[in-house]
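Single-structure report; data block below.
The values are calculated or read from the model by the stated rules, or taken from the named source; none is laboratory data. None of the values given here were measured: they were computed from a predicted structure. No Cβ is skipped: glycine too gets one built from the backbone with ideal geometry, and neighbour counts run over all protein chains shown. In case anyone asks, the SASA skips ligands and DNA or RNA and just uses the protein heavy atoms, side chains included. Shrake-Rupley method; radii C 1.70, N 1.55, O 1.52, S 1.80 Å.
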Amino acid sequence: MSKDIKVSTSRKGDIAVISIQGDVTAVTGEVIGNAYESADISNSPKLLLQFDKDCYINSGGLASLIDIASEGRKKQQKIHAYGLSDHFQKIFHMVGLTRCIPIFSSEEAAMKDF
Amino acid sequence: MEQLVELHLPNILGSEKEAIVKAVTIAEKMGFSRDRIEDLKTALAEACINAIEHGNKFDQNKRVRVTLAADDNSLQVIVHDEGDGIDPKKIPKKRVRDDGLPCRRGYGVFLISNLVNEFYFEKNPGKGNNVKMLMHLNG
């Protein structure tokens, strides 16, 4: 695993969860992609992306998240996110990522809205 | 306050963090808000990534030079690469794919232009390419 990122997967009821800590970049995006590719995650109809508030995301990392959104759309998977700092919530809005991965203020809100 | 700092970064993705740390230190001293410092961090990172990837084309024999010039009113950031420069007309404008999802790449310049007060390219044939960004303290 890349030293700049920590990614783990889990399940909360019928919701698959990918937890992300660290730098989301073109280099580390592969780690998130690999986590997504695991059958339990990519085949779940509901996916929650749980970001640590200190996550750093650059344009290469956005590309990796857009790949997941693209795969999710093909599978009719609903993807929600929470935990992002105010700055990266703004970046998600700027690039239009919130159209396919809506951001929620808390885990409870993100899970309730599926 | 006047301060001038010049950094020479290896042409490797990730080296931009050194410039970000220095820029944040200067911006904090100048009194920029936390939100604007976050904008600066992203804009500087994207300019460095573009320099490494598109300017210097990942050539590890080349360097990226970052100049941070602070005065009482603004912080100017210049990111220099050794490439041929880019034609601003060739920067992809399309942000949304036909299926409604965001395009996968091409956000560097888009983000920079939305996060700093002023931004422009300076092409010096044979001498490299500059991206100049200006952040006003009260902007």
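Think of chain A as a dipole: +1 on every Lys or Arg Cβ, -1 on every Asp or Glu Cβ, centred on the Cα centre; then among A:G61, A:A26, A:A16, A:A16 lies furthest on the positive end.
Per the 1.4 Å probe, what fraction of the accessible area of chain A, in percent, lies on carbon and sulfur atoms? Provide the component values of the computation, followed by the final result.
On the way: 2450 of 5100 Å².
C and S atoms contribute 48 percent here.
Please state the shape class of the protein assembly as shown: rounded when a/c is under 1.5, otherwise prolate if a/b exceeds b/c and oblate if not, all from the C-alpha gyration tensor. Because a/c hits 1.5 or more and a/b exceeds b/c, the protein assembly as shown counts as prolate. Averaging the Cα positions of each part gives two centres, and for region B:110-139 and region A:29-59 these lie 33 Å apart.
Helix hunt in chain B: which complete DSSP H runs extend at least 18 Å axially by C-alpha with mean Kyte-Doolittle at least -0.5?
On the way: long enough: B:16-30 (21 Å, 0.12); B:34-50 (24 Å, -0.39).
Membrane-span-like by this rule: B:16-30, B:34-50.
Computed from protein heavy atoms with a 1.4 Å probe, the total accessible area buried between B and A is close to 2000 Å².
Here the label points at B:K123 and A:D4, each 7 Å from Cα along the C-beta direction, are separated by 2.9 nm in the simple model.
Using a ≥ b ≥ c from the Cα gyration tensor of region B:8-130 (square roots of the eigenvalues), is it rounded, prolate or oblate, where a/c under 1.5 gives rounded and otherwise the larger of a/b and b/c decides, a/b for prolate?
Numbers: a/c = 1.71, a/b = 1.16, b/c = 1.47.
It comes out oblate by the Cα gyration axes.
With the cut-off at 24 Å, tell me which of the pairs B:K29/B:K132; A:K53/B:K132; A:K6/A:K46; A:K90/B:K41; A:K12/A:K75 have Cα atoms farther apart than that. Don't skip to the answer; put the middle values down first.
Details: B:K29/B:K132 21 Å; A:K53/B:K132 30 Å; A:K6/A:K46 21 Å; A:K90/B:K41 14 Å; A:K12/A:K75 20 Å.
The pairs that break the limit, which is 24 Å between Cα atoms, are A:K53/B:K132.
Probing with 1.4 Å while keeping every protein chain in the model, the per residue accessible area of region A:43-114 equals 42 Å².
Relative contact order of chain B, please, whole-number percent, based on alpha carbon pairs below 8 angstrom and at least 6 residues apart. All intermediate terms of the calculation are to be shown ahead of the outcome.
Values: 257 pairs, mean separation 38.3, N = 139.
Computed value for chain B: 28 percent relative contact order.
Assuming a ≥ b ≥ c are the square roots of the Cα gyration tensor eigenvalues, decide whether region B:40-91 counts as rounded (a/c under 1.5), prolate (otherwise, with a/b larger than b/c) or oblate. Because a/c hits 1.5 or more and a/b exceeds b/c, region B:40-91 counts as prolate. Protein heavy-atom surface of chain B, 1.4 angstrom probe: 49% of the accessible area is carbon and sulfur, with nucleic acids and ligands not counted.
In the full protein context, chain B carries 51 Å² of accessible surface per residue, based on a 1.4 Å probe and ignoring ligands, DNA and RNA.
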